[in-house]
Amino acid sequence: MIKVRSDEPKYAYLWDKETKDKNRYGQNIELTEEGDERRNKSLNINGDDGIGDNPNRNKQHGFFLNADNCIGCHACESACSEKNDNPAHIAFRSVGFVEGGSYPDYQRLNISMACNHCDDPVCLKGCPTRAYTKFTEYGAVLQDPDICFGCGYCTWVCPYNAPQLDPVKGEVSKCNMCVDRLEVGLKPSCVSACLGNALDFGVVENIPENRDQAITEIPGFPTTDITHPNIRFQQKKQNHHEMTRTDSMPLKYVKDEAEGKYKATVDKKSGLEKHWNFRSLLTSHESAHVIFTLFTQATVGAFLMLILGESLDLLGFKVLNDYTIHMSLVATIFILSTIGLFKLNMHLGKPHRFYRGFNNLRLSPVSREIAGVSMFYTGLLGYAFFALFDNAFMGFFATIFAYLAVISGPIGLYFMYKLYRIPARPFWDHCQTGTAFLGSMLSLGSFIIAAVSLVVLPASALIELIPTLASIMAIGLTIEIVGHLVHARDMQRINNEGTASHYRQTTQYGKSYLLRNALLCLSLVLAVTISSTGLSGMLGMITAIILALSLMIASAFSRSLFFVLVIPTTMPGAFFWKNDGFVDHARETGLADAPQHGVVYERHHAFKLDELIQTIKENSLQDMLEHVQWIFGKK
């Protein structure tokens with residue numbers, strides 16, 4: 001336990017006496033029942049097995065922000081970072097703001113925000129390593145960086161930007177509610193440091209002294225429907241009808257007079273001019289995900305066609321039974337799948353902890369995607385090995401592995417789709433994510449088979465196969481194009497962060513977006529042409545080459561746009577802090593070299609293969625052994 005200072009001020013102590021039984025969402029504030037063994041369990045803070053004497057220890061606690069009082073001094077940020085020994089580029093609590101009006105009637109509304117220790121923490125459900133736990137003690141959602149392998153999925157699903165992915169350490173950490181202070185009756189450090197008496201803390205739904213309001217939403221605060229956050233606000237000063245963000249996000253908040261709530265909508269602060277933005281599009285933080293998703297969808301599609309094509313009576317697929325073309329295709333699929341998995345694993349902050357991705361199969365779509373794709377890869381590898389021998393005995397085992405891959409591949413792709421259906425990212429939370437993934441599976445899968453067949457087989461053997469593959473490609477492209485059209489229509493209608501993403505799509509990346517659309521349409525026209533006429537002579541080969549180039553470029557642009565455009569339902573930043581525009585500027589100009597700006601370069605992506613091998617040799621074998629022992633209950 002920490003020691004309480006003798007001169008600790010009165011306002012730093014917890015004050016709750018009477019509490020309510022249920023919160024406004026109908027859930028129990030008391031998190032345990034009489035006789036529950038967890039009621040008297042130690043948190044083992046600093047190795048101390050003592051138990052705090054707070055009578056409300058097993059009740060849900062939360063923060064209270066009087067936004068009218070917050071002066072934006074950032075003392076709460078500083079106190080939090082000092083207590084947790086955070087580097088300059090990481091802050092568990094941050095202060096952003098929105099503003100409205102103009103001189104002399106200008107208003108600035110500051111919002112201090114950390115983890116809200118939600119009733120339904122999506123970070124806990126999404127984390128594949130099970131690094132998160134919601135404790136009955138104070139209702140704290142705690143995260144263990146030592147378990148995390150740095151995938152960053154929790155930073156995607158959280159609507160409040162609470163989990164912080166450190167690009168240097170390659171791991172996530174976040175606010176821990178200062179449970180060590182709570183155990184000795186003190187409020188969290190950020191609350192104790194607040195100069196304006198704006199930030200408070202206690203059992204949720206309790207209104208602090210000298211306060212008379214406890215609302216759940218203020219301008220700039222994301223919807224509470226996703227997680228039921230444990231934070232309450234007081235904000236009684238009259239706001240302007242429209243409140244804007246000062247960071248680079250093209251968002252503003254407009255009051256719905258009928259509901260009396262502020263809703264996010266697009267702020268066309270960057271104008272309507274269209275740009276290419278090739279550099280940020282093709283070299284984004286998520287480039288590894290672009291490669292992994294495209295390569296995995298393509299290889300699953302190609303393998304399904306290779307194994308099932310003839311049994312589905314697809315015209316021309318019988319020729320793929322020839323040993324040379326068959327094994328050439330299997331080798332190509334295996335190589336591409338390996339590249340995709342390698343890029344994904346090396347994208348992790350801690351690549352040597354990859355095996356922890358299976359920890360949360362019960363809840364996490366990421367764990368399920370990893371399991372499905374890994375089983376597909378295992379089936380593919382087993383099939384490639386046994387099919388080499390080309391005899392009946394080995395063929396039996398090859399068939400088993402083939403159908404393992406055939407079954408697990410679509411399962412992996414389904415959970416790949418599910419993991420992107422994130423309410424906190426409206427641009428992704430649409431059926432178009434599914435149509436794009438399915439379309440890529442069909443179009444790129446058939447492209448792989450066509451490309452290898454054209455290299456290995458004579459043209460006379462492809463008279464029936466190529467038109468069939470072109471038809472499958474056309475179906476995939478049609479599905480993708482229709483999905484994009486519906487998505488663009490819906491994003492303009494919903495009037496939230498998704499609308500802002502669509503605005504960026506048509507302006508900041510407008511020319512790249514139009515090129516993508518044109519190439520998809522061109523690819524569809526060429527695929528339909530080849531499906532009708534086949535390939536004949538020099539003109540046919542030129543058509544095939546143009547189709548191949550347009551399809552590959554369109555796929556790369558489309559998937560890159562998918563990742564760079566998304567705008568989360570996150571808190572507003574300040575001019576320098578939590579501002580993506582300033583972060584990009586600092587990295588481009590070298591300001592990131594000065595630590596006081598709180599910006600660093602993403603160094604962990606330079607993790608080399610030899611460093612990975614060395615790390616495994618020195619550390620991870622023991623980690624893996626302990627992990628296996630933990631799974632089987634040995635430790």
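Residue pairs exceeding 30 angstrom between C-alpha atoms, taken from K22/K263; K187/K236; K59/K350; K10/K83; K125/K350: K59/K350.
Within the same chain, aspartates and glutamates fewer than 8 places from K343 are excluded, and of the rest, those with a Cα less than 12 Å from its Cα are E286. In the chain, the longest principal axis of the Cα atoms and the axis of helix 75-84 are about 70 degrees apart. Exposed loop sites here are GluC sites (Glu not before Pro) assigned a DSSP state other than H, G, I, E or B and surrounded by at most 11 other beta carbons within 10 Å; excluding them, the longest clear run of the chain is 274-635.
Stretched out straight at 0.36 nm per residue, the stretch from N210 to K3 would grow longer than its current Cα-Cα span by 71.6 nm.
Working from label points 7 Å from Cα in the Cα-to-Cβ sense, the A461 to V482 distance is 3.5 nm. Multiplying the residue separation of T133 and I545 by 0.36 nm and removing their Cα-Cα distance gives an extension gain of 143.0 nm.
Axis angle, to the nearest 10 degrees, between helix 497-506 and the longest C-alpha principal axis of the chain: 50 degrees. Can you figure out the FRET efficiency of Q492 with E602, using R₀ = 35 Å and their beta-carbon distance, to the nearest 0.05? Computed FRET efficiency for Q492 and E602: 0.60. In this structure, the residue pairs whose Cα-Cα separation is over 32 Å, taken from K169/K237; K169/K418; K174/K274, are K169/K237; K174/K274. Ordering T338, T570, T507 by the number of other Cβ atoms within 10 Å of each residue's own Cβ, fewest first, gives T338, T507, T570.
No value in this document is a laboratory result; all are computed from the given coordinates. Only a predicted model underlies this, so the values are computations on that prediction, with no experimental measurement involved. No Cβ is skipped: glycine too gets one built from the backbone with ideal geometry, and neighbour counts run over all protein chains shown.
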